[in-house]
Amino acid sequence: MQKTSSQAVVDLLDVGKKIKKTPLMVGNCTGFAVNNMFFPYSQAAILLVEHGTNTIDKAVTKFGMPMGSF
């Protein structure tokens with residue numbers, strides 16, 4: 001099994017910091033990290049839709065997301 005070299009990890013973490021992004025290291029999995037987080041996020045929004053989409057969007061942006069689900 002191939003493994004990413006330690007130097008590649010260090011270099012890429014440095015690039016992420018230089019472009020003012022928060023690097024996220026993940027294990028080998030199907031899909032990207034964002035895809036694995038998106039489903040629970042959107043599922044929770046759908047379950048809360050009875051509270052109104054505007055309420056959900058306000059809560060999500062207050063939590064730190066750049067935009068709401070709706």
Revision key, fill the gap. Here the qualifying pairs (Cβ atoms under 8 Å; residues six or more apart or on different chains; first in segment 1-27 and within 30 Å of residue 64 (Cα to Cα); second β-branched (Val, Ile, Thr) and not in a helix (DSSP H, G or I)) come out as 16/22
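Looking only at segment 31-64, which residues are among the β-branched types (Val, Ile, Thr) and more than 15 Å from the chain's Cα centre (by Cα)?
Taking segment 31-64 and keeping what is among the β-branched types (Val, Ile, Thr), we get 34, 46, 49, 53, 55-56, 60-61.
Scanning segment 31-64 gives 46, 49, 53, 55, 56.
All of the numbers you see were taken from the coordinates with simple rules; none came from a lab. The structure displayed is predicted, hence computed values, not measured ones. Methodologically, a virtual Cβ is constructed for each residue, glycine included, from the backbone with ideal geometry; neighbour enumeration extends over all protein chains shown.
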